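Some notes on the structure that comes next.
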Amino acid sequence: MSDHLDNPLGTFLRDRRTRLDPVSFGFVGGRRRTKGLRREEVAQRANISPTWYTWLEQGRGGAPSAEVLNRIAAGLLLTEPEREHLFMLALGRLPEVRYRSYDGVTPRLQRVLDALGSSPAFVRTALWDVVAWNEAAAAVFTDYGLLPPAERNILHLMFANARVREHQDDWEKVARFVVGAFRADVARAGATAEIGQFVDDLARISPEFEAMWLDNDVRAHGDGIKRIHHADLGVLDLEYSAFAVDGRPDLHVIVYNAVSAADTQRIRERIEARRAMNGRAAT
């Protein structure tokens, strides 16, 4: 027990290497007194000195660099949560963010959206692409399913879609907020390099976006109240909250609730009307 407390990094490294099968990595032959990889084999896979790796497990030699930790994480086939834990034990901080894109959402998460009923909700990526939504979001905001995937981006909709622009109570204020929050999310996700072409393309479409982007504002997207002017439903006041998806740092769920019971009822009636219309179209 004392080793777990006195040298948690060494304990974690030993535990992870003993879980690996030497044969699957081509380390065959020779008598093994313990299961898993040997220290020198981990060092070989991580391309570091066996002595240095041994010192790490023994709690000697000082703090390793982030590069060494990433090599060890790769050598031990650590999952992303395990890599983060390794950095916290060794350096007292999380590793630098590495942006990874994902395709879509799980059916489980889609069912969560659908269960929200008359509360519009959608899932957006760190690049503000809308990748999932419920019926209420399609009824109140826009039917994302009718748009080409490249246009299911909140910034693109805000600056290049006239109908979405007309819905905003104060378009310029909302647009500035969206641009600032987008900038913060992209940096937080480590995706700055990935948005270059997108920013250039949107700047060519919208001089207003270009000017706001050059202002370098940064905002936080948490919760608040949004007022929209819907063509069929009139003025709607919606409370919103943003939630990160655990285990998917690239995804956020945005949920809206009508402030008044009357607005909730109007949204519910519009959903039912859309269902009836779609049912007629299907027949």
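Roughly speaking, what % of Cα-Cα pairs in segment 19-138 are separated by over 23 Å, rounded to a whole number? All intermediate terms of the calculation are to be shown ahead of the outcome.
Working: 3738 of 7140 pairs.
When all Cα pairs of segment 19-138 are counted, 52 percent exceed 23 Å.
Return a whole-number percent for the relative contact order of the chain, with Cα pairs under 8 Å and 6 or more residues apart as the contact set.
Numbers: 354 pairs, mean separation 41.5, N = 283.
Relative contact order comes out at 15 percent.
Order 216-222, 63-69 from most to least packed using the mean count of other Cβ atoms within 10 Å. Walk me through the intermediate numbers first.
Details: 216-222: 13.0, 63-69: 15.1.
In decreasing order of mean packing, 216-222, 63-69 become 63-69, 216-222.
Hey, rough spin-label estimate for Arg227 and Thr106, points 7 angstrom out along Cα→Cβ, what's it come to in nanometres?
4.0 nm
Distance between Cα centroids, segment 25-84 to segment 210-283: provide it in whole Å.
Cα centroid of segment 25-84 versus Cα centroid of segment 210-283: 48 Å apart.
Beta carbons within 10 angstrom, averaged per residue: use that to sort the peptides 156-162, 108-114, highest first.
Values: 156-162: 18.0, 108-114: 14.7.
In decreasing order of mean packing, 156-162, 108-114 become 156-162, 108-114.
Quick one: pull the percent of accessible area on segment 142-221 belonging to carbon and sulfur, 1.4 Å probe, ligands and nucleic acids left out.
Numbers: 2180 of 4170 Å².
The value for segment 142-221 is 52 percent carbon and sulfur by accessible area.
For the chain, what are the DSSP H helices with axial Cα length of 18 Å or more and mean Kyte-Doolittle hydropathy of at least 0.0? It would help to have the intermediate numbers written out before the result.
Numbers: long enough: 171-188 (25 Å, 0.22); 261-282 (32 Å, -1.09).
TM-like helix candidates: 171-188.
Once the piece of chain linking Ile205 and Glu172 is laid out straight, how much longer is it, given 0.36 nm per residue of separation minus the C-alpha distance between them?
On the way: separation 33, 0.36 × 33 = 11.88 nm, distance 1.63 nm.
Extra length available between Ile205 and Glu172 comes to 10.2 nm.
Using helices alone, what [θ] at 222 nm do you get for the chain, with -39,500 (n - 2.57) per DSSP H run of 4 or more residues, divided over all residues and rounded to the nearest 500? Can you show the working numbers first?
Numbers: 14 runs with 140 residues, N = 283.
The helix contribution divided over the chain gives -14500 deg cm²/dmol.
In whole Å, largest first, what are the principal axis extents of the Cα atoms in segment 115-169?
31, 25, 19
Would you work out the Kirkwood radius for the chain? I mean one over the mean of 1/r across all pairs of different Cα atoms, in Å.
On the way: mean 1/r = 0.0446 Å⁻¹.
About 22.4 Å for the chain.
Give me the number: length gained by fully extending Asn278 to Arg93, i.e. 0.36 nm times residue separation minus the C-alpha to C-alpha distance, one decimal in nm.
Working: separation 185, 0.36 × 185 = 66.60 nm, distance 5.15 nm.
Result: 61.5 nm gained on full extension.
For the chain, with the dipole built from +1 on Lys and Arg beta-carbon atoms and -1 on Asp and Glu ones, taken about the Cα centre, which of Pro207, Ala46, Ala184 lies farthest toward the positive end?
Ala46
Determine Rg/Rh for segment 31-102; Rg is computed over alpha-carbon atoms and Rh is the Kirkwood hydrodynamic estimate from the same atoms. Intermediate values should be presented prior to the final figure.
Values: Rg = 13.0 Å, Rh = 13.0 Å.
Over the Cα atoms of segment 31-102, Rg/Rh equals 1.00.
The values are calculated or read from the model by the stated rules, or taken from the named source; none is laboratory data. Worth saying up front: this structure is predicted, and the values here are computed from it rather than measured. Ideal geometry is used to build each Cβ from the backbone, glycine not excepted, and the neighbour counts take in all protein chains shown. Protein only, heavy atoms only, side chains kept; ligands, DNA and RNA dropped before computing areas. Shrake-Rupley method; radii C 1.70, N 1.55, O 1.52, S 1.80 Å.
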